[in-house]
Amino acid sequence: MTTSGNWQPPDLSGRVALVTGASRGVGLGVALALGDCGATVYVTGRSTRDGGSTEGVPGTVEEAAEQVSLRGGKGIAVRCDHTDDADNAALVETIAAEGGRLDLLVNNAWAGYERFSEEAPFHAPFWKQPMWRYDLFAGSLRGQFAVSRLAAPLLMQAPAGLIVNVSFTDGDVYLGQTPYDICKYASDRMVVGMTYDLRKTPVVAVALHPGFVRTERVAGAWDLVGEGPARIAHSPEYVGRAVAALGADPDLASYAGARLSVGDLAAKYGFDDVDGRRPPPFRLEGTITLAARMERLGRIARTGPAPARGGGK
């Protein structure tokens, strides 16, 4: 168990969680925090020891499950492509067969930042966006719906089931890229519809908004993008601590259908990030859109910072 930063892990022993896309990034951070709480955590993803990792980025489902177990929980690795209906069905069938219980579903799997270096820049206008990029976003959104649909009957059997869609929006602020904006807002809107359908059940659905997260995909880039973004960036486990706090809250039903910021939840529940800081909620301010920021981070992660202007050779 880790208690780095100001955080006392709530007791979630006996709870069963499914975290999609947990081989790395935010999903791994959520899985590790739930491990700190003693939960059983099914970690899914396409990256495996035998099959390799997507785009060569470090992290596999087996490694993630082992880390969850080392933290005090029980990690269970399942290779799953959440754009594949057969994979999703087999996953939920496995969970039902092995324990017959599911308390928490975290829909985190997101392929939208893959293939960053191909064709149009990430923040290009819609008429220059390749359709494969739209399909990556839409496939990830579809995966959130597909897994929720299959897992809902199991979640309804829990005393207080919870569905968390990991997303991001900032009011009505345009995110800077049309397909990206559509799918992120749709993820939030999905929670609204699920909440209506779940109103007579013990299951609560929420949308959770991280800030700027230091993930493996942009490792090394944060020190190069300037003091502002680096100051507000947080670890993936900061998101996990927010999920754990929600899962342990006896008044969970009051959040049904809500869009929640990790920074706001940190202030409410009194937890810090692993480095002892408490980054505030991320807000889109100024003229730089979220898509433009992601493009810049992706470019720096691929090629390094641009050379300084003037004076040099």
Among the candidates Arg115, Arg133, single out the residue that is over 24 Å from Gly257 (Cα atoms) and in a loop (DSSP other than H, G, I, E, B). Arg115
Conditions: (1) touching a residue at least 40 places away in the same chain (Cβ under 8 Å); (2) part of a helix (DSSP H, G or I); (3) of a type outside the set (Gly, Ala, Ser). Pro159 meets all but one. Number of the miss? (2)
Could you list, in sequence order, all residues of segment 4-32 that are touching an Asp or Glu at 6+ places or on another chain (Cβ under 7 Å) and at pLDDT 95 or above? Pro9, Arg15, Val16, Ala17, Gly29, Leu32
Enumeration of residues in segment 178-193 that are more than 17 Å from the chain's Cα centre (by Cα) and without any contact (Cβ under 8 Å) to a residue 60 or more places away in the chain: Thr178, Pro179, Ile182, Gly193
For the subset of segment 257-282 comprising residues that are open to solvent by less than 50 Å² (accessible area, probe 1.4 Å) and of a type in the set (A, V, I, L, M, F, W, C), which member is modelled with the lowest pLDDT? Phe282
Filter segment 128-155 for residues that are over 30 Å from Gly100 (Cβ atoms) and surrounded by fewer than 17 Cβ atoms within 10 Å (Cβ to Cβ); which is farthest from the chain's Cα centre (by Cα)? Lys128
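Only one residue in Arg277, Arg241, Arg283 is under 19 Å from the mean Cα position of the chain (by Cα), farther than 19 Å from Gly171 by Cβ and either assigned to a loop (DSSP other than H, G, I, E, B) or of a type in the set (D, E, K, R) (or both), so which one is that? Don't jump to the end; show me each part of the working.
On the way: Arg277 fails: under 19 Å from the mean Cα position of the chain (by Cα); Arg283 fails: farther than 19 Å from Gly171 by Cβ.
After ruling out the rest, the residue left standing is Arg241.
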Scanning segment 195-214 for residues that are without any contact (Cβ under 8 Å) to a residue 60 or more places away in the chain and part of a loop (DSSP other than H, G, I, E, B), which turns out nearest to the chain's Cα centre (by Cα)? Arg214
Confirm whether Leu246 is in a strand (DSSP E or B), under 30 Å from Glu114 (Cβ atoms), touching a residue at least 24 places away in the same chain (Cβ under 8 Å) and within 16 Å of the chain's Cα centre (by Cα). no
Picked from segment 33-53 (must be at pLDDT below 95 and within 19 Å of Thr83 (Cα to Cα)), the residue least open to solvent (accessible area, probe 1.4 Å) is Ser47
Please verify whether segment 171-186 includes one or more residues that are basic (Lys, Arg) and open to solvent by 30 Å² or more (accessible area, probe 1.4 Å). no
I'd like to check something: does segment 119-128 contain any residue that is touching a Phe, Trp or Tyr at 6+ places or on another chain (Cβ under 8 Å), assigned to a loop (DSSP other than H, G, I, E, B), among the small types (Gly, Ala, Ser) and at pLDDT below 95? no
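Could you tell me how many of the residues in segment 55-74 are in contact (Cβ under 8 Å) with a residue 24 or more places away in the chain, open to solvent by 20 Å² or more (accessible area, probe 1.4 Å) and of a type outside the set (S, T, N, Q)?
The initial filter retains those residues of segment 55-74 that are in contact (Cβ under 8 Å) with a residue 24 or more places away in the chain, namely 55, 57-61, 63-65, 67-74.
Next, from what is left, pick out any that are open to solvent by 20 Å² or more (accessible area, probe 1.4 Å): 55, 58, 63, 67, 69-72, 74.
Next, from what is left, pick out any that are of a type outside the set (S, T, N, Q): 55, 58, 63, 70-72, 74.
Residues in segment 55-74 being in contact (Cβ under 8 Å) with a residue 24 or more places away in the chain, open to solvent by 20 Å² or more (accessible area, probe 1.4 Å) and of a type outside the set (S, T, N, Q): 7 in total.
Yes/no per residue for (1) of a type in the set (Val, Ile, Thr); (2) under 23 Å from Gly25 (Cα atoms); (3) touching a Pro at 6+ places or on another chain (Cβ under 9 Å):
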| residue | (1), (2), (3) |
| --- | --- |
| Ala97 | no, no, no |
| Val106 | yes, yes, no |
| Tyr113 | no, yes, no |
| Gly161 | no, no, yes |
| Val164 | yes, yes, no |
| Thr169 | yes, yes, no |
| Arg189 | no, no, no |
| Leu198 | no, no, no |
| Val203 | yes, no, no |
Restricting segment 92-117 to residues that are polar (S, T, N, Q) and modelled with pLDDT of 95 or more, which is most open to solvent (accessible area, probe 1.4 Å)? Thr94
Which one of Ala124, Ala86, Ala158 is open to solvent by 20 Å² or more (accessible area, probe 1.4 Å) and of a type outside the set (Val, Ile, Thr)? Ala86
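The values are calculated or read from the model by the stated rules, or taken from the named source; none is laboratory data. What you see is a predicted model; the values in this text were computed from it and never measured. Using ideal geometry, Cβ is built from the backbone for each residue, glycine included, and neighbour counts are taken over all protein chains shown. The area values use the complete protein model at the heavy-atom level, side chains included, leaving out ligands, DNA and RNA. Shrake-Rupley method; radii C 1.70, N 1.55, O 1.52, S 1.80 Å.
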